[in-house]
Amino acid sequence: MKIIVTGGSGRAGRFIIEEKVSLGYDVENADITSGPDQGARFVAVDVTDFGQVGTVTRGAAAIIHMAA
């Protein structure tokens with residue numbers, strides 16, 4: 001199952017990514033800056049750009065929105 005975490009490079013997002021990866025989910029960190037490598041694929045996204053968000057979230061089973 002593919003899960004997108006917006007703001008995954010932030011403090012809360014990092015913990016969420018770590019947990020979901022450990023549970024075996026396919027996780028993508030959608031953020032403007034990359035965070036530490038936690039087994040999630042990083043995708044550079046500006047969450048204020050609707051087109052970018054639509055492209056990244058296509059096919060995701062869940063979106064966890066942590067971007068500020």
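The values are calculated or read from the model by the stated rules, or taken from the named source; none is laboratory data. Since the structure is predicted, the reported quantities are computational estimates derived from the model, not experimental observations. Backbone-built Cβ (ideal geometry, glycine too); neighbour counts: all protein chains shown.
Summary table
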{"item": "Residues of region 45-68 that turn out to be surrounded by 10 or more Cβ atoms within 10 Å (Cβ to Cβ) and either among the hydroxyl-bearing types (Ser, Thr, Tyr) or not in a strand (DSSP E or B) (or both), as a count", "result": "13"}
{"item": "Total residues in region 22-44, condition at pLDDT 95 or above, under 13 Å from ILE3 (Cβ atoms) and either polar (S, T, N, Q) or surrounded by fewer than 16 Cβ atoms within 10 Å (Cβ to Cβ) (or both)", "result": "6"}
{"item": "Number of positions in region 1-34 that are touching a Gly at 6+ places or on another chain (Cβ under 8 Å) and of a type in the set (Gly, Ala, Ser)", "result": "6"}
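Residue by residue, here is whether (1) over 13 Å from THR57 (Cα atoms); (2) in a loop (DSSP other than H, G, I, E, B); (3) touching a residue at least 12 places away in the same chain (Cβ under 8 Å) holds:
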| residue | (1), (2), (3) |
| --- | --- |
| ILE4 | no, no, yes |
| GLY8 | yes, yes, yes |
| PHE15 | yes, no, no |
| VAL27 | no, no, yes |
| SER34 | yes, yes, yes |
| ASP37 | yes, yes, no |
